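See structure below.
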Amino acid sequence: RTGRLDWHEIPGEPDRGFALLPVPSEGDLVFDIEGDPFWEPSRGLHFLFGLLGADGYQVIWAHDRTEERAAFESLIDLFHERLARHPDMHVYHYGVYETTAIKQLMGVYATREDAVDDLLRRKVFVDLYTVVRQGIRAGVSSYSLKDVEALPKFHRDAGVKSGTLAVLEYEQWIERREAARLDAIAAYNLEDCVATRALRDWLVAHRPADVMPPGPVVLGATDEEPSPSEALR
C-alpha cells in the first residue's frame, strides 16, 4: 500500500549474511548468465554471459557448442586478467546459477580446471542471494532478484521482464534470426546486472557497524606440478 519495503536485520553470525560481503573494489564485476534449457534434450545452452563493471557492460554470446566453449574460456581468462590488475576484486551474482554453470562447463569441456579452482579457492565469487537470505528479513513473497531489488528502489524499463521471456526470445531468434531479439535479451541482462549492483551497494551501505567484511584469502602452498603422464591424463 505504501510502496515501501519493510525489512529488518537478522542478528549476525560469523561467516554468514553481511559478514560474507567484501569491501567494494574498482575491479568488481557483476555477472549474469542467460541460458536456454531446451536447446538440446541432453543439455541446454548458456548463450549469453553478461558482465558489468566500472568500465561498462560487456556481453559474450554463444550460439553453438563450439562458441559456448570459447565463451567459457574467454570468461575465465577475463576474470584472471582482471584479478591480476585488481587483486581485491570480486565477481557478484545472485543465486547459484552462475557458479553452477561455470563448474558444469569446466567439466563438460575439460578446460580451465586449474583456473576455475583458483577462483573458487580465492572466494572471488560472491552470491548476494546468500547474503540477503542470511542477513535480512524483508516483506517480500520470495527472495528472487525481481522482488528484493525493491530495497535499492530499482525500476526496470526493458521490454523483456523475466528469464522465461528471455528464453522465449532466444527460441524466436533461433527460428527467425532477428537481431532485435538478441538486443532485447541483452537489455534484460543489463538490467539484471544493474539491479544486482544496486543491491550490492545497498547491502554495503546497510552493513551493521559491528560486522567486519571478509579479509583477503591467503592460499596455502600449491601441489607440485603434475608429471607429463599425469598432465596428459
Determine the relative contact order of segment 1-86: mean sequence separation of Cα pairs under 8 Å and six or more apart, normalised by residue count, in whole percent. 20 percent
With charges set only on the Cβ (+1 for Lys and Arg, -1 for Asp and Glu), what does the dipole of the chain come to about its Cα centre, in debye to the nearest 20? 820 debye
Lysines near Lys103 by alpha-carbon distance under 20 Å, same-chain residues fewer than 8 away left out - which ones? Lys123
Within straight cross-link reach of Lys146, meaning Cα distance under 20 Å, which lysines are found once same-chain residues fewer than 8 apart are removed? Lys161
Measure out, as a whole number of angstrom, how far apart the alpha-carbon centroids of segment 1-51 and segment 70-127 sit. 14 Å
Note down the nm distance, to one decimal, between modelled labels 7 Å out along Cα→Cβ at Ala115 and at Arg1. 5.5 nm
Choose one answer from Ala209, Ala150, Ala71: the residue with the largest mean-square fluctuation in a GNM of the chain with alpha-carbon springs under 10 Å. Ala209
Could you look at segment 1-60 and say what percent of its accessible area is carbon and sulfur, using a 1.4 Å probe and all protein chains? 51 percent
In Å², rounded to a whole number, the accessible area per residue of segment 68-202 with probe 1.4 Å is 47 Å²
Under Stokes-Einstein, with the Kirkwood radius over Cα pairs standing in for Rh, what whole-number D in µm²/s applies to segment 156-204 at 4 °C and 1.567 mPa s? 113 µm²/s
Could you order the peptides 21-34, 80-93 from most to least packed, using the average number of other C-beta atoms within 10 Å per residue? 21-34, 80-93
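Charges at C-beta only: +1 for Lys and Arg, -1 for Asp and Glu. How large is the resulting dipole of segment 1-139 about its Cα centre, in Debye rounded to 20?
Taking the Cα centre of segment 1-139 as origin, the dipole is about 480 debye.
When each pair of different Cα atoms in the chain is counted once in the 1/r mean, what is the Kirkwood radius in angstroms, to one decimal?
19.2 Å
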Within the chain, helix-based [θ] at 222 nm, where runs of 4 or more DSSP H residues each add -39,500 (n - 2.57), nearest 500: -13500 deg cm²/dmol
Residue among Phe38, Ile76, Leu5 farthest towards the positive dipole end of segment 1-102, charges placed on Cβ: Leu5
Charge-dipole axis of the chain as Lys and Arg at +1 and Asp and Glu at -1 on Cβ define it, positive-most pick from Leu145, Val23, Tyr92: Leu145
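The values are calculated or read from the model by the stated rules, or taken from the named source; none is laboratory data. Note that the coordinates shown come from a computational prediction; the quantities given were computed from them, not determined experimentally. Every residue, glycine as well, gets a Cβ built from its backbone with ideal geometry; the counts of neighbours run over all protein chains shown. The protein model used for the area step is the full one, side chains on, heavy atoms only, and it has no ligands, DNA or RNA in it. Shrake-Rupley method; radii C 1.70, N 1.55, O 1.52, S 1.80 Å.
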